[in-house]
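Engineer: Before I ask anything, let me first share the structure, which is written out below as structure tokens.
The values are calculated or read from the model by the stated rules, or taken from the named source; none is laboratory data. None of the values given here were measured: they were computed from a predicted structure. Note that each Cβ is placed from the backbone with ideal geometry, even for glycine, and that neighbours are counted across all protein chains shown. With ligands, DNA and RNA removed, areas are computed over all heavy atoms of the protein, side chains included. Shrake-Rupley method; radii C 1.70, N 1.55, O 1.52, S 1.80 Å.
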Amino acid sequence: MYYLIVFLLLLAAEVGYFRLADRFNIIDRPNERSSHTRITLRGGGIVFYFGALVYFIISRFEYPWFMSGLTLITTVSFVDDVRSVSQKIRLVVHFMAMALLFFQLGMSDLPLWYIPIALIVCTGIINAYNFMDGINGITGGYSLVVLGALAYVNEYWIPFMEAQLLWVMLIAVAVFCIFNFRRKAKCFAGDVGSVGIAFVILFVMGKLILKTNDPGYIILLAVYGVDSILTIIHRLMLHENIGLPHRKHLYQLMANELKIAHPIVSTFYMLLQVVIFAGYLAFYAYRWWYFAVAILLLCTGYCLFMKKYFYLHLYK
């Protein structure tokens, strides 16, 4: 009953946001770099913030520094969805938010050299999540897999945090998927959604890694990571400005050039990540060997796919 009430509250909040977005014209217009053809409401991923806020209130204000950081990064992302915000301002706010996140995780007790490494990794994850949010269902579906896997680890592998936060966030993502994980999406996540859920995942994954001293759990983001990093390398090889929007991600080629339905492409990414993480747990005693082989196979698959199909993008 408790989680049903949370679901209904978040569903009502999402529908209420749709009315505001429609009234104030918060929309996404398709352009030559888009993977969609219809004008669609933007910012539906704000429900992720609502989910975190619900937990914050019912938990009697647990994790205040995390929530402060999430509020900062969500606010600047939402403003950026409505009207463009300069890259410098976004970068400063992201660093401030991550500083609050690190403080909540207790990383001030770690050696000083950990901080710049963590900052680089966290910035990369947030940007990867933002870059990968290009077709219907991929942000919501992939986040369901990651959060679901973390909930499984917390329940059956090693307890590392309060399960309630994980379940509330899973419900928030499920609510978003109702309106986005379909051929004709009612809404897109927007920066407020992709950046916000990435920040939540960073917090949860950070607690797990610090609890177990095992950074290998980053494999939960392997599929996104390989697609993002190799696409950046590919674009650098093509002498492109990597800061500009594009349609060269593997998932974009599948959806745009090969004309595979968005939900099918998103489901493929979800299932691939499930298989990779299941293998990580199954071969945990040999996890670093498994990690290396899994990344190698993903990279090989990416390169072979691009070699075979990238010409379709060039001559479109």
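Engineer: Restricting to DSSP H runs of at least four residues, report the calculated mean residue ellipticity at 222 nm for the chain, -39500 (n - 2.57) per run over all residues, nearest 500 deg cm²/dmol.
Structural biologist: About -23000 deg cm²/dmol.
Engineer: Taking amide H atoms as placed 1.01 Å from N in the peptide plane, list the residues 5 or more away in sequence, or in a different chain, whose amide H sits under 5 Å from that of Ile27.
Structural biologist: Arg42
Engineer: Tell me, how many Å apart are the Cα centres for segment 216-259 and for segment 1-30?
Structural biologist: Measuring centre to centre over Cα atoms gives 30 Å.
Engineer: Hey, another quick one. Based on the Cβ-Cβ distance from Leu119 to Lys88, what FRET efficiency comes out when R0 is 22 Å, to the nearest 0.05?
Structural biologist: 0.85
Engineer: Roll a 1.4 Å probe over the protein chains and send me the accessible area per residue for segment 50-157 in Å².
Structural biologist: 49
Engineer: Can you tell me the mean projection area, over all orientations, of the convex hull of segment 100-225's alpha carbons? Units nm², please.
Structural biologist: If you wrap the Cα atoms of segment 100-225 in a convex hull and average its projections, you get 7.6 nm².
Engineer: Taking the Cα centre of each part, how many Å lie between segment 277-300 and segment 101-117?
Structural biologist: Here the answer is 27 Å between Cα centres.
Engineer: Carbon and sulfur: what percent of the chain's accessible surface (1.4 Å probe)?
Structural biologist: The value for the chain is 68 percent carbon and sulfur by accessible area.
Engineer: Measure off 7 Å from each Cα along the Cα-to-Cβ vector at Leu296 and Ala278, then give the distance between these two points in nanometres to one decimal.
Structural biologist: Going from the Leu296 label point to the Ala278 one covers 2.3 nm.
Engineer: Now for a different question. Residues of segment 174-216 with backbone nitrogen within less than 13 Å of a virtual label 7 Å along the Cα-to-Cβ line of Ala285, please, listed as ranges.
Structural biologist: none
Engineer: Residue separation times 0.36 nm, minus the C-alpha to C-alpha distance between Ile229 and Ser108: what's the value?
Structural biologist: Full extension of this stretch gives 40.7 nm more.
Engineer: Taking all protein chains together and a probe of 1.4 Å, list Ile120, Ile233 from the most accessible to the least accessible.
Structural biologist: Highest to lowest solvent-accessible surface, that is Ile120, Ile233.
Engineer: With a cut-off of at most 14 other beta carbons within 10 Å, and DSSP calling the residue loop, which chymotrypsin sites (Phe, Trp or Tyr not before Pro) in segment 37-75 qualify? Please list them.
Structural biologist: Hits after loop and neighbour filter: Phe61.
Engineer: Could you pull the accessible area for Ile5 with a 1.4 Å probe, rounded to 10 Å²?
Structural biologist: Roughly 90 Å² of Ile5 is accessible to a 1.4 Å probe.
Engineer: Then there is this: Here are some pairs, Lys259/Lys307; Lys186/Lys248; Lys184/Lys259; Lys88/Lys186; which of them have Cα atoms lying more than 20 Å apart in this structure?
Structural biologist: Lys186/Lys248; Lys88/Lys186
Engineer: Can you list the HN-Hα couplings for segment 256-266, worked out from phi with the Karplus curve (6.51, -1.76, 1.60; θ = phi - 60°), rounded to whole Hz and with x for Gly and Pro?
Structural biologist: Each residue's phi maps through the Karplus curve to give 8, 7, 8, 6, 7, 4, 3, x, 5, 4, 4 Hz.
Engineer: Once you put a point 7 Å from the Cα of Met96 and another 7 Å from the Cα of Phe7, both along the Cβ direction, what distance in nm separates them?
Structural biologist: Going from the Met96 label point to the Phe7 one covers 3.8 nm.
Engineer: What percent does the relative contact order of segment 1-152 come to when contacts are Cα pairs within less than 8 Å and at least six residues apart?
Structural biologist: 17
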